[in-house]
Amino acid sequence: MSWYATSWRHMLAQHRDANASGLEPEAIAKVIDDSYPFSSRSGWAYKAWLEARRDFFRQHNLPLRRAKRPAPDLLA
């Protein structure tokens, strides 16, 4: 089984558990993010996790993280 498929199955199991608990989409996203199943967040496993996460969150209408707004320019 590929890293992507393993990640997808893990996210699906976490989503089902959190959904059964009646959590909001933001809380479900946090549960999934906090339950990263591999040892470190680097390498092929992490890249596959991020790709599966992006696809899974879009399919299940979960909020994706947005880039942080840059700090105001102090010189302007």
Quote the relative contact order of the stretch 3-59 in percent (integer), defining contacts as alpha-carbon pairs under 8 Å separated by 6+ residues.
-> 57
Cα gyration tensor shape of the stretch 37-76, rounded if a/c is under 1.5, else prolate or oblate by comparing a/b with b/c | oblate
Can you sort GLU24, GLU51 by how many other beta carbons sit within 10 Å, fewest first?
-> GLU24, GLU51
Treating only the Cβ atoms of Lys and Arg (+1) and Asp and Glu (-1) as charged, compute the dipole magnitude of the chain about its Cα centre; round to the nearest 20 debye.
-> 200
Mind checking the full-extension length gain between ARG58 and ASP33? Use 0.36 nm per residue of separation minus the Cα-Cα distance, one decimal, nm.
-> 7.5 nm
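So what is the calculated 222 nm ellipticity per residue for the chain, using -39500 (n - 2.57) for each DSSP H run with n of 4 or more, over all residues, to the nearest 500 deg cm²/dmol?
-19500 deg cm²/dmol
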What the Cα atoms of the chain span along the principal axes, largest first and in whole Å, is 52, 33, 21
With label points built 7 Å along Cα→Cβ from the Cα atoms of ALA20 and ALA5, find their separation and express it in nm.
-> 2.4
Compute the distance in nm between two label points, each set 7 Å from the Cα along the Cα-to-Cβ direction, one at LEU12 and one at ALA71.
-> 4.4
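Only the coordinates and a few stated rules stand behind these numbers; no lab work does. These figures come from a predicted structure and were not determined experimentally. Quick reminder, even Gly has a Cβ in these numbers, built from the backbone with ideal geometry, and neighbours come from all protein chains shown.
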